[in-house]
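The values are calculated or read from the model by the stated rules, or taken from the named source; none is laboratory data. Just so you know, these numbers come straight off a predicted model, no measurement behind them. Cβ atoms come from the backbone with ideal geometry, glycine included; neighbour counts cover every protein chain shown. Just so you know, the surface numbers come from the protein's heavy atoms only, side chains and all, with ligands and any DNA or RNA stripped out. Shrake-Rupley method; radii C 1.70, N 1.55, O 1.52, S 1.80 Å.
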Amino acid sequence: MTPSVTPVEMNSATNTVSRVLLAALRRHPRALVLLALWSVLEALPLLLSGYGVAHALDDGFLAGRPATGAAWLGVLAVAVLAGALATRHVYRILAEIVEPFRDDLVDNVVGGALARSTVLGGRPDSGAVARLTHQVEVVRDNFAGLLLLTSGFVVSTVGAVIGMATLTGVVGLLVLPPLLAGLTVFLVSLRSMMTRQRVHVLTDEAVAESASTVAHSLRDVVACGAEDRACGQVQRQVDAHADAERTLARMTAIRTLSVAIGGWLPAVGLLVAAPWLLATGSTLGTIAGALIYLTQGLLPALKSLVDGLGAGGLKLVVTLDRLVEAGEHPVCASTVQQRAPQGHELLLDGVTFSYGRHAEPVVNRVNLVIPQGQHLAMVGPSGAGKSTLAGLLAATHAPDRGKVRLGGVPVGDLDSQTLTRHRVLIPQEAYVFAGTIGENLRYLHPAATGTELDTVVDALGLRAVVARLGGYDVVVDPGMLSAGERQLIAVARAHLTRAPVLILDEATCHLDPVAEERVERVLAARGGTLIVVAHRISSALRAQRIVLMDGANMIAGTHGELLANAPLYRDLVGLWDVGQGPVGVSGDTLVTGTAGRSSL
Ligand code: ADP
């Protein structure tokens, strides 16, 4: 989607930018005074130009005194030399103001990007690259340009007007109305230009962001066969940016119009009125001098103002506002005092969760303690909320009310790295990406050694799969693996992390009961907490404790306690007994669909 900008946003952008630029200027009062003084000296050739030419003509060449004419031209030449010297100093002083400002911007961009990337739940700030390499330079150049053009416009306009007034006051009456009309056309269109400029900057960032997202996710994009979709996403951002660029180019026509009205029209007026001016006492030298003030002073000053503000000034406002906004630091995870979990007891304290504001809660005011190291199974009919509860325990879902604590700390307060170190959730749909088996196994624990890999692969019964694929370093095509093989890889990947809490959400449902038993035995033997959303009754029987879920109701106990106290549990076990055969034998599916629910 093309970024859009409202008038309110533009107003606030202008205010923000004025505040930031004024603050930058206030830090260099001495440099500002020097800049003003050198700018006046720089404009000396202009100040004298019309006056000198008028006198060179009227008192010199036209009066038959070429030496006087040449002397006036000599004065102008000296003024040009003085102006050149002043220009050198103007640029030096400009650097004293602008370069420290640029350094501050770089600090701000880097600080903001780091804070955003490391904040709780934060993502890498890929737009920061465009801000750092491109936008900071845009601001630096245009800030310097704005300073030059503002001082130049003021000095040149004042100089040209004073010069013309000393020659003849009537010319002023010819010049002022079109000049004001040209400025008005420009100022009226400024807001709309600003809005388009902002869209231009935003689309520029969107291109960088989408390209960098695709580049970082290339492996996943290929694994999912989403190349065309990813290309399409980047292409849309490139097209939006190209549109914004074209619109900006069209806006330059308005700038040209305002220069034509404010700068060229007075010159044409002066030429048309020349006979009348001569008839009313003006000399040829006066008219030539006025023409020089117009074409060498007012017209370039107006053109610089319009071009400078219309292009560079707008770029400055919009880009600087974006940099200030992006440099604002979110509350940073590292600045929040994060408590480390004390042990790994999991506690649900009055937890309620629903999918949507008006939906019935799937989990309702649940209190549950899962002691560190417990092997717990969750059972219940399909749709009872087992996966939801697993998600709450793993902090992939945030409760609407109540708290989930790990080792006494609310899981929502732990940053993603801490969470990854302490718990791993293995979902039913195992994810294997297009890479080597070794990369897939080490995905959550890149430092795992070859021996560690061997141990886990042998323990989980994955050796035959690794051998068939040709070893750890051969790239796998996920489509060539069976669902069960993918599940085994996902389990091995989680096992390697040594995370003290493992949560399996029907993560072994595609394995046969023997393979499933081996996996659960190995994981239980790790010594950490093992929570299994059970797919078969055998899984529940292996657990030390069972949580039975039925909609918002939940009870916990051992197999014997639930058999004695929970009719639904008896139904679930009975269903298995009657229909499927003994515990631990193929087909002892526990998690039923509507059958389990209707038997309540
Ligand atoms: P179980 O794991 O026991 O089968 P779930 O936790 O998956 O149950 O689902 C519990 C209820 O929440 C079901 O009614 C299901 O339809 C609903 N549900 C699950 N995920 C979502 C979701 N992302 N959006 C809306 N409703 C959902």
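So the values come out like this:
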quantity	calculated
Student exercise, the chain dipole from Lys, Arg, Asp, Glu Cβ charges, in Debye to nearest 20	1020 debye
Ordering of 218-229, 281-292 by burial proxy (mean other Cβ atoms within 10 Å per residue, highest first)	281-292, 218-229
Residues of the stretch 15-330: accessible area per residue with a 1.4 Å probe, Å²	48 Å²
Cα centroid separation - the stretch 189-211 against the stretch 465-486, whole Å	46 Å
The stretch 442-509, dipole about Cα centre (Lys/Arg Cβ +1, Asp/Glu Cβ -1), debye to the nearest 20	60 debye
Cβ charges +1 (Lys, Arg) and -1 (Asp, Glu), total dipole of the stretch 15-330, debye	420 debye
Two-decimal ratio, the stretch 346-595, of alpha-carbon radius of gyration to 2.2 N^0.38 Å	1.01
Of all accessible heavy-atom area on the stretch 15-330, the percent that carbon and sulfur account for (1.4 Å)	68 percent
Förster radius 60 Å - calculated FRET efficiency between Y431 and T87, Cβ distance, rounded to 0.05	0.40
Quotient of C-alpha Rg and 2.2 N^0.38 Å, computed over the chain	1.53
List M554, M480, M193, ordered by accessible area with a 1.4 Å probe, largest first	M480, M554, M193
Calculated from backbone phi, Karplus (6.51, -1.76, 1.60) coupling profile of the stretch 288-294 in Hz, x at Gly/Pro	4, x, 5, 5, 5, 4, 5
Difference of contour (0.36 nm per residue) and Cα-Cα distance, M251 to R229	4.6 nm
Between the stretch 75-114 and the stretch 513-554, the Cα center-to-center distance that results, in Å	70 Å
The chain: relative contact order in percent, alpha carbon pairs under 8 Å with at least 6 residues between	15 percent
Charge context of P399, other residues only, Cβ under 12 angstrom, K/R +1, D/E -1	+2
Under-5 Å amide H pairs with T396, H placed in peptide plane, nonlocal only	none
In Å², nearest 10: area of T87 left accessible to a 1.4 Å probe	40 Å²
More than 37 angstrom apart: percent of Cα pairs within the stretch 15-330	34 percent
Given charges at Cβ of Lys, Arg, Asp, Glu: the chain dipole, positive-most of T558, L202, G313	G313
Among T508, V432, A71 - extreme Cα towards positive end, dipole of the chain, charges at beta-carbon	A71
Karplus 3J(HN,Hα) series, Hz, for the stretch 30-42 with 6.51 cos²θ - 1.76 cosθ + 1.60 (x for Gly, Pro)	5, 5, 5, 4, 4, 4, 4, 5, 5, 5, 5, 5, 4
With DNA, RNA and ligands ignored, accessible area of K315 (1.4 Å probe; Å², nearest 10)	80 Å²
14 Å beta-carbon shell around S18, net charge (K/R +1, D/E -1)	+1
Surrounding net charge for T283, when Lys and Arg each add one and Asp and Glu each subtract one, Cβ distance under 13 Å	-2
In Hz, Karplus ³J(HN,Hα) per residue of the stretch 508-513 (6.51, -1.76, 1.60; θ = phi - 60°; x = Gly, Pro)	10, 5, 8, 8, 6, x
1.4 Å probe accessible area per residue over the stretch 346-595, in Å²	42 Å²
